[in-house]
1. So, R0 is 22 Å and r is the distance between the beta-carbons of Thr6 and Thr121; what FRET efficiency does that work out to, to 0.05?
2. So how far apart, in nm, are the two label points at Val41 and Asp113 if each is 7 Å from Cα heading toward Cβ?
3. Calculate, for Glu78 and Ala53, the FRET efficiency according to 1/(1 + (r/R0)^6) with r their C-beta to C-beta distance and R0 30 Å; round to the nearest 0.05.
4. What figure, in Å² to the nearest 10, do you get for the accessible area of Ser60 with a 1.4 Å probe and non-protein molecules left out?
Amino acid sequence: FHIKTTAPATIVQIFRLQTAGISDSESAITPRVPVRRFTGVFDNRNGLNSGLAVANPGASAITLQIVLRNNLGQVIREDSLVLPAKGNIGLFLKERFSQTANINGLIEIQATDTTTAAEATFIAMGSRLSATGGYTVIPY
């Protein structure tokens, strides 16, 4: 098919594996360019475990300012992480931020260059895993 637009467009491919008796496994993949900030969702209810992976494609270390909000929009935790040049990190939110256990909400991340304090860019991907083996990957 053909799409014509004057606005930027993003393409996402979703792959799903369905097996009787267990949660579906999903993976959503999209080409991404580095961003300066994003807001994503997390869901750690009912045995789900939300994860986050962040990569720094730049030549300088960056500081990620993180704000976590519950489903009412209230701030439940603020933190920061430093990623070295060309570095990356992967974590499960409820293991790193215990305030996210058994709730759903939003995660906001903004990056700054640790040397110049200017805005910096990063690449992020989220995931949601179930206790029965199903997962969802959420590109940010």
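The values are calculated or read from the model by the stated rules, or taken from the named source; none is laboratory data. No experiment lies behind these values; they were computed from the predicted model shown. No Cβ is skipped: glycine too gets one built from the backbone with ideal geometry, and neighbour counts run over all protein chains shown. Each accessible area value is taken on the protein alone, full model and side chains, heavy atoms only, with ligands, DNA and RNA left out. Shrake-Rupley method; radii C 1.70, N 1.55, O 1.52, S 1.80 Å.
1. After rounding to 0.05, the efficiency reads 0.35.
2. Label at Val41, label at Asp113, 3.6 nm between them.
3. Efficiency for this residue pair is about 0.90.
4. 50 Å²
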